[in-house]
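The values are calculated or read from the model by the stated rules, or taken from the named source; none is laboratory data. The structure displayed is predicted, hence computed values, not measured ones. With ideal geometry, Cβ positions are generated from the backbone for all residues, glycine too; neighbour counts draw on all protein chains shown. Just the protein is used for accessible areas: all its heavy atoms, side chains included, with ligands, DNA and RNA removed. Shrake-Rupley method; radii C 1.70, N 1.55, O 1.52, S 1.80 Å.
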Amino acid sequence: ILFSYSAKEILSLTEENLEHNGEVVSVKFESYLKQVESDLNQLAYSPLLSRYLDGASRGNLDLLTDEYTAFLKSKSTYFQVRLISLNSGEELIRVERKESRIFAADFTDLQNKKDRDYFLEISQLNEDSIFFSKIDLNREYNSISKPITPTLRIAKRLSADSLGGVIVILNVDLNQLFSDLLESLPKNYELRVVNNQGHYLIHPDKLKEFTFEYELDPYYPQEYDQNPIEILNQNTFYTTDKSLAKFIRLKYKRADYDLTAIISARNDTVFASFYSWRKKVVGVSISIALVFLVMAFIYLRRQVRELKTITNELMHFTDRQVPQKLAIDRKDEIGELARGFELMSNRSEER
């Protein structure tokens, strides 16, 4: 009963901790995206950008390029800022970070993005709308760039009479966010983030992350037998033989794109201290039981010896009618029996 009660208490405490840590992850994720959105608005409403849109001169373009360069120098989590013409799809400015170097692309290196899926999506948005891309790995010339960079592209569409509108795009390196989320959890907890297609963006095993980029099957169905949305709708903890998990829906401003955080605790780590305590308690209990068994054995042997003495006197009473020394000083039933037998023998002797 004690072990069962203790296990339930530990399980209840673990559920509370998972709930709390899930809220921490959700708040950190949401706060980070709000900050990214704020930084994008800072660039979109820059006076230098307004000046360039009013008069698209080379001098204004250079000033805006300098501003984007300074922005990247002060914001280490961003690695690319672009200004794209909505009419032609041509990059007007591209400032990027590669390793420790920040530079503006030469005019001859600017690319046309008119056929890119994100450009087509943004062009369908209303003016001043914020665009959040799917989270994937950064690619250069259609190949995954090194080092591996989980990337979010956030963009804003702005009106401009001279250019038919422009798009300001920020490429965000999410490595720092992912690292912060992992560090916010206790060491014995695991974090997974899965998209609505069952592909992991964060997983304890790095080889199971971003499997869609390598045309591999998602790993989520191999670990959980229910869809994340179904588990979220039940609003309960997901229990397996190996772990206890809490599912949390992450707020992400993109239609038909769900992100779910899974905070889990392995049973062997959660109950490690309990198992150790239980082992010690069992050992102590067995030791105490053995001590009491030895004491009981000694006591019973003494009882048996006294009973044998009284039995022997009863058997030989007719021969000598005077009992030998009996345990009449004892305060238990054997003492009462001894005193009764002695009284009987004394009366018999008097008669």
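Label-to-label distance for Asp225 and Asp241 is 1.1 nm, based on points extended 7 Å past Cα in the beta-carbon direction. Remark: spin-label model distance Asp180-Leu232 equals 2.2 nm, labels positioned 7 Å along the Cα→Cβ axis. Of the residues Ile167, Val194, Asn138, the one whose Cα sits farthest towards the positive end of the charge dipole of region 99-206 is Val194 (charges of +1 on Lys and Arg Cβ, -1 on Asp and Glu Cβ, taken about the Cα centre). Assuming charge only on the beta carbon of Lys and Arg (+1) and of Asp and Glu (-1), the dipole of the chain about its Cα centre is about 1380 debye to the nearest 20. In the context of the full set of protein chains, residues of the chain present 59 Å² of accessible surface per residue (probe radius 1.4 Å, heavy atoms only). Between Phe3 and Arg302, the contour length at 0.36 nm per residue exceeds the alpha carbon distance by 104.0 nm.
Considering only Leu110, Ile288, Phe178, the residue lying farthest towards the positive end of the dipole of the chain is Ile288, judged by Cα position with unit charges set on Cβ. Dividing the mean sequence gap of close Cα pairs (under 8 Å, 6+ apart) by how many residues the chain holds gives a relative contact order of 15 percent. Read through the labelled values (1) 0.97; (2) 1.20; (3) 1.50 and report the label of the one computed as Rg/Rh (Cα atoms, Kirkwood Rh) from the structure. Checking each listed value against the structure points to (3).
Counting only DSSP H runs of at least 4 residues, each contributing -39500 (n - 2.57), and dividing by the residue count of the chain, the helix-based mean residue ellipticity at 222 nm comes to -15500 deg cm²/dmol. Modelled spin labels at Glu19 and Ser285, positioned 7 Å past Cα toward Cβ, are 3.0 nm from each other. The share of accessible area on region 154-214 that comes from carbon and sulfur is 45 percent, using a 1.4 angstrom probe. Cross-link check: pairs Lys28/Lys206; Lys187/Lys246; Lys8/Lys242; Lys114/Lys253; Lys34/Lys156; Lys73/Lys251 evaluated at a Cα-Cα cut-off of 25 Å; pairs beyond the cut-off: Lys73/Lys251. Here's the list of lysines a cross-link from Lys331 could span, going by alpha-carbon distance under 25 Å and ignoring same-chain residues fewer than 8 apart: Lys308. Our note on the geometry: Cα centres of region 27-52 and region 65-138, 13 Å apart. For region 61-121, the share of accessible area belonging to carbon and sulfur comes to 46 percent (1.4 Å probe, ligands and nucleic acids excluded).
Rounded to whole numbers, the Karplus 3J(HN,Hα) couplings from phi for region 242-257 are 9, 7, 10, 10, 10, 9, 10, 7, 8, 7, 9, 7, 8, 5, 6, 9 Hz, using 6.51 cos²θ - 1.76 cosθ + 1.60 with θ = phi - 60°, and x at Gly and Pro. Placing +1 on the Cβ of every Lys and Arg and -1 on the Cβ of every Asp and Glu, with nothing else charged, gives region 1-121 a dipole about its Cα centre of roughly 400 debye. Considering only Leu2, Phe29, Leu48, the residue lying farthest towards the positive end of the dipole of region 1-136 is Leu48, judged by Cα position with unit charges set on Cβ. For the peptides 217-227, 65-75, residues were scored by their other Cβ atoms within 10 Å and the scores averaged per peptide; the highest-first order is 65-75, 217-227.
When the chain is treated as a GNM with alpha-carbon contacts under 10 Å, the residue of Glu336, Glu30, Glu215 showing the greatest mean-square fluctuation is Glu336.
Its relative contact order, with pairs defined as Cα atoms under 8 Å and 6+ residues apart, puts region 171-240 at 18 percent. Summing Cβ point charges (Lys, Arg +1; Asp, Glu -1) relative to the Cα centre of region 44-186 gives a dipole of roughly 180 debye.
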